[in-house]
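Enquirer: My questions all concern the structure below.
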Amino acid sequence: MYPLIRNRRLRASASIRRLVRETIITPDDFLVPLFVVEGKGVKEEIPSMPNYYRMSLDHIEKEVKTLWDMGLCAVLLFVKVPDGLKDNKGSEAINPDGLMQRAIKTVKNACPEMLVMTDVALDPFSSYGHDGIVADGQILNDETNEVLAEMSVSHATAGADFVAPSDMMDGRILTIREALEDEGFTNTGIMSYSAKYASAFYGPFRDALDSAPVAIKNVPKDKKTYQMDSANRFEAIRETQMDIDEGADIVMVKPGLAYLDIVREIRNEVDVPVAVYQVSGEYAMLKAAAEKGWLDHDAVMLEQLLAIKRAGANIIASYFAKDMVKLIS
């Protein structure tokens, strides 16, 4: 057939490339992570995440209005809890006047249409930096789930649209779903971190929230007893399907770029929306390389985000969201 068929005809100009492009990034693809701290007038750059900030509630109020004006319609909230409020059971997590609960209300008051998702895990509230209660050299599963369910109800009461359990405890989606139903929050959604791997890419995030696990007698300093082994593929499908069966509305793969094979596997298997978290380490690497002049920041950012969406993501949680929207607009 050659030369009757020439594939390059569809690449010959910018206009034809735009016309036949298979994957397109829009502001509607993004979930914007926000880091919240106590205080007033606080906007602290995170050293390991250049141009990303921890913000007090007054700045969060301004930020969500800016995001909305840019066309971004969803945020994912994380809180940095003062050390004095941390304990082994994450008691502050269920404080109705806690920082997370006030952050939810702040966002909803500032921008009622903004979709608010909230992190549900004990590590920001734990004196040990683990996602669960620590006892007898173990991270307790079922006891942790009960606290996660209380957290979720507290967030829903404050006005959260979705709760996002990021802990990887077994059975927590069902426990949370039943608790929400029992309290009348039938319309509160669950975005489950279904395939969250024990990754080395989380370092800058833990810097941002001061939530890295600490050494405890007989307890590993890592999270490998509950987060997934990076070597495993089929386990991710099992984990994801179980979360859907337990009531998850959206499932997530975390991290992003190193796990795009997992994203595609899950996208092929399930019918619910699939989210991907492009994590802090991925963000920091590009920022550092671009600062050195080794990579073209915008070109690589676009290529990475296209790869995530092309792999099957419906939703991308990314610290690049604002940069990307500025670029495509």
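Enquirer: If you take the Cα Rg of segment 133-277 and divide it by 2.2 N^0.38 Å, with N the number of residues, what do you get?
Expert: 1.05
Enquirer: Among residues other than Thr26 whose Cβ falls under 15 Å from its Cβ, what is the net charge (Lys/Arg +1, Asp/Glu -1)?
Expert: +2
Enquirer: Under a 5 Å amide H to amide H cut-off, with H placed in plane at 1.01 Å, what residues pair with Leu115 once short-range neighbours are removed?
Expert: Ala74, Val75
Enquirer: Would you kindly give the portion of the calculated P(r) for segment 79-125 that falls above 11 Å, as a percent of all Cα pairs?
Expert: 68
Enquirer: Heavy-atom accessible area per residue, segment 143-191, 1.4 Å probe: how many Å²?
Expert: 35
Enquirer: Next question. Under a crude label model (7 Å from the Cα following the beta-carbon direction), how far is Ala289 from Asp87 in nanometres?
Expert: 4.6
Enquirer: Based on Cα positions only, what radius of gyration and what Dmax would you give for the chain, in angstroms?
Expert: Reported Rg and Dmax, both Å: 20.2, 73.
Enquirer: Can I ask one more? Just tell me which lysines come within less than 23 Å, Cα to Cα, of Lys292; anything on the same chain fewer than 8 places away is out.
Expert: Lys322, Lys326
Enquirer: Using a cut-off of under 19 Å, list every residue of segment 65-85 whose amide N is near the label point 7 Å from the Cα of Glu113 along the Cα-to-beta-carbon line.
Expert: 65-76, by backbone N distance to the label point.
Enquirer: Kindly state, to the nearest 0.05, the FRET efficiency for Lys221 paired with Trp68, given R0 = 41 Å and r defined as their beta-carbon distance.
Expert: FRET efficiency, Lys221 to Trp68: 0.55.
Enquirer: Using a 1.4 Å probe on the protein heavy atoms, what percent of the accessible area of segment 201-329 belongs to carbon and sulfur?
Expert: 51
Enquirer: I would also like to ask the following. Count the DSSP beta bridges whose two residues both fall in the chain, then state the antiparallel fraction as a percent rounded to the nearest 5.
Expert: The answer is about 20 percent antiparallel.
Enquirer: Among 124-132, 166-174, how do they line up by average Cβ neighbours within 10 Å per residue, starting with the highest?
Expert: Going by the mean number of other Cβ atoms within 10 Å, highest first, we get 124-132, 166-174.
Enquirer: Ordered by packing density, taken as the mean number of other Cβ atoms within 10 Å over each peptide's residues, highest first, how do 50-58, 293-301, 16-24 rank?
Expert: Ranking the peptides 50-58, 293-301, 16-24 by packing returns 50-58, 293-301, 16-24.
Enquirer: Separate question: Stretched out fully, how many nm does the piece from Glu146 to Leu4 gain, at 0.36 nm a residue minus the Cα gap?
Expert: Length gained between Glu146 and Leu4: 44.6 nm.
Enquirer: What does the accessible area per residue of segment 52-128 come to in Å², with a 1.4 Å probe and no ligands, DNA or RNA counted?
Expert: Ligands and nucleic acids excluded, the result is 38 Å² per residue.
Enquirer: Which residues' amide hydrogens lie under 5 Å from the amide hydrogen of Met228, considering only partners 5 or more residues apart or on another chain, with H built in the peptide plane?
Expert: Lys196, Tyr197, Ala198
Enquirer: Charges at C-beta only: +1 for Lys and Arg, -1 for Asp and Glu. How large is the resulting dipole of segment 65-166 about its Cα centre, in Debye rounded to 20?
Expert: Its charge dipole is roughly 480 debye.
Enquirer: Calculate what fraction, in whole %, of the accessible area of segment 1-133 sits on carbon and sulfur atoms when a 1.4 Å probe is rolled over the protein chains.
Expert: 51
Enquirer: What distance in nm separates the simple spin-label points at Arg238 and Thr26, each placed 7 Å from Cα in the Cβ direction?
Expert: With each label placed 7 Å out from Cα toward Cβ, I get 3.9 nm.
Enquirer: Tell me the mean residue ellipticity at 222 nm calculated for the chain from its helices only (DSSP H runs of n ≥ 4, each -39500 (n - 2.57), averaged over every residue, nearest 500).
Expert: -11500 deg cm²/dmol
Enquirer: If you consider only alpha-carbon coordinates, what radius of gyration and Dmax does segment 174-238 have, in Å?
Expert: Spelled out, the Cα radius of gyration and Dmax of segment 174-238 are 15.7, 42 Å.
Enquirer: Please list 3J(HN,Hα) in residue order for segment 159-168, calculated via the Karplus relation 6.51 cos²θ - 1.76 cosθ + 1.60 where θ = phi - 60°; whole Hz, with x for glycine and proline.
Expert: x, 5, 7, 9, 9, 10, x, 10, 8, 6
Enquirer: What fraction, in whole percent, of alpha-carbon pairs in segment 208-252 exceed 14 Å separation?
Expert: 65
The values are calculated or read from the model by the stated rules, or taken from the named source; none is laboratory data. Computed from a prediction, not measured in an experiment: that's the story for all the values here. Cβ sites come from the backbone with ideal geometry, for glycine too, and all protein chains shown count toward neighbours. These area figures cover heavy atoms from the full protein model, side chains too; ligands, DNA and RNA do not enter into them. Shrake-Rupley method; radii C 1.70, N 1.55, O 1.52, S 1.80 Å.
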